[in-house]
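Notes to accompany the following structure.
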Amino acid sequence: MKYQLIREDLEIEGYEKVVRFSCEETKLDSIVAIHNTRQGPALGGIRMLHYGSFEEGLQDVLRLAEGMTYKAFISGVKTGGGKSVVFLPEGDFSRESLFESFGQAVASLQGEYICAEDMGTSPEDMQFVQRATSYVVGRKNISGDPSYYTAHGLFLCLKSVARKLNASFGDSLRGLKVAIQGLGMVGFKLAEKLFWEGVSLVVADVNDKITDIAKTRFGADVVGVDEILRVSCDILSPCARGGILNSKSISVLGCKGITGAANNQLESPKIAEDLFLKGILYVPDYLANAGGLINAASELEKPYDPRKVLLSLDRIPAIFNEAYKISNTKNISLERVFLERFQEEF
Ligand code: NAD
């Protein structure tokens, strides 16, 4: 063992294993949460952020790990739910040694947890992790950057949503208007795909450079970050950050449907019910953005086959269409359709 790791097991009800790993030498302070491995080894990204306290990081990793169990279940992936957080160190530190030592922590779990990149980490960091463990996916030279698959799965889902909102959208999406919040790794790729389908785009991002590019290349209308939710459009696609659908924002929404990549878009499950009552078709984020997970999990099937992954993404609109039927028959929101399934299963 290259680094001296300190391991502390935390007893948390409802979780199979929660472990804090730290290392003085590399400034590593991290938590790995394994929620459920019934479907397979727990797979989930490594989130590296500055958290205000240990408790804040703990709550984040617990919520995210549980979400991964449901996301894997819904998207038909044979992995369980897990996640990790790395507390962003203060001052200078070496990413190389930090992620090598984190890889050592993952190795010590002997395959119960498989990590991948997430917010604040990159495919390059996964190369460092890989030096210490083989339990890592999303490697640069294999399945790589997940955003291509997330964006494509989202695009397929959005097409199905458009057809539910207006049956006249068949093969062509001409005439559809989509508002995208956030033109990052996923949002920008989605904008490009929609442009080629003839969709009218309205976009917002805190980064003016990226909105300028979308304006020039895709003829997108650019609005302020405070305005995007109000834009009158067919579909709103939140691709920036979580919590944007809340008791305040839902009263100003100008869309008929919501399908986006951002994780945890709802402030609380109740918001899904409020959206349903308002007649807004909300697709739960864990389904709309499942493409990245489907791709990462495919790396566990050797050899990794991108053509097979592409076909697997068709599951996303298929699951949406099936759940939509149930939602109509029972007159309940899509979120509730899925929550009822989770409750039956877990
Ligand atoms: P990203 O960081 O590359 O992009 C986020 C974009 O949102 C950036 O361009 C940023 O400038 C912009 N932004 C930040 N605050 C904003 C605001 N208030 N209003 C408008 N724009 C704002 O992230 P990403 O990889 O594109 O992921 C987007 C979301 O999707 C995240 O919530 C992520 O957790 C989720 N997600 C991503 C993937 C993936 O494969 N990358 C997979 C599943 C879920």
> In the neighborhood of L28, defined by Cβ-to-Cβ distances under 15 Å, what is the net charge if each Lys or Arg adds +1 and each Asp or Glu adds -1?
Replying inline: -2
> What is the sum of charges around Q127, taking Lys and Arg as +1, Asp and Glu as -1, for the other residues whose C-beta is under 15 Å from the C-beta of Q127?
Replying inline: -3
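Rounded to two decimals, what is Rg over Rh for the chain when you use alpha-carbon atoms and the Kirkwood radius?
Rg/Rh for the chain comes to 0.97.
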>> For q values of 0.09, 0.10, 0.15, 0.19 Å⁻¹, compute log₁₀ I(q)/I(0) with the Debye formula on a Cα-only model of segment 43-194, without solvent.
In response: -0.37, -0.45, -0.89, -1.21
> Given the rule -39500 (n - 2.57) for each run of at least 4 DSSP H residues, summed and divided by the residues of the chain, what is its mean residue ellipticity at 222 nm, to the nearest 500 deg cm²/dmol?
Replying inline: -12500 deg cm²/dmol
> What base-10 log of the normalised intensity I(q)/I(0) is obtained for segment 25-70 from the Debye formula, alpha carbons as equal point scatterers, at q = 0.18, 0.27, 0.34 Å⁻¹?
Replying inline: -0.57, -1.03, -1.35
> One-quarter of the Cα convex hull surface for segment 105-148, in nm²?
Replying inline: 3.1
>> Against the 2.2 N^0.38 Å scaling, with N counting residues, where does segment 1-124 land? I'd like the Cα-based Rg ratio to two decimal places.
In response: 0.99
> Amide H to amide H under 5 Å from D221: which residues, 5+ apart in sequence or cross-chain, H placed 1.01 Å off N in plane?
Replying inline: L201, V202, V203
>> Show me, bin by bin at 5 Å from 0, the whole-percent P(r) of segment 132-229 based on Cα pairs.
In response: 2, 13, 21, 19, 17, 11, 8, 5, 3, 1, 0
> In whole Hz, what ³J(HN,Hα) sequence does segment 191-199 give by Karplus (6.51, -1.76, 1.60; θ = phi - 60°), x for Gly and Pro?
Replying inline: 4, 5, 4, 5, 4, 5, 8, x, 7
>> Quick one: 3J(HN,Hα) in Hz for segment 226-233, Karplus 6.51/-1.76/1.60 with θ = phi - 60°, rounded, Gly and Pro as x.
In response: 7, 9, 4, 5, 7, 4, 6, 7
>> Let's test this: bin the Cα-Cα distances of segment 186-339 at 5 Å from zero up to the farthest pair and state each bin's percent.
In response: 2, 8, 16, 20, 18, 16, 12, 6, 2, 0
> Between Rg and the Kirkwood Rh of segment 248-346, both from Cα atoms, what is the Rg to Rh ratio?
Replying inline: 1.02
>> Could you give each residue of segment 111-120 its phi-based ³J(HN,Hα) in whole Hz, using Karplus coefficients 6.51, -1.76, 1.60 with θ = phi - 60°, and x for Gly or Pro?
In response: x, 5, 10, 10, 9, 7, 6, 7, 3, x
> Sorting S312, S172 on the 10 Å Cβ count, fewest up front, what's the list?
Replying inline: S172, S312
>> Using +1 at the C-beta of Lys and Arg and -1 at the C-beta of Asp and Glu, which of T26, P123, A72 has the Cα lying farthest in the positive direction of the dipole of the chain?
In response: A72
> For A272, what is the net charge nearby, where nearby means another residue's Cβ is under 9 Å from its Cβ and Lys, Arg count +1, Asp, Glu -1?
Replying inline: -1
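None of the figures in this text is laboratory data; all of them are computed from the coordinates on show. Source: prediction; values computed, not measured. Cβ: placed from backbone, ideal geometry, glycine included. Neighbour counts: every protein chain shown.
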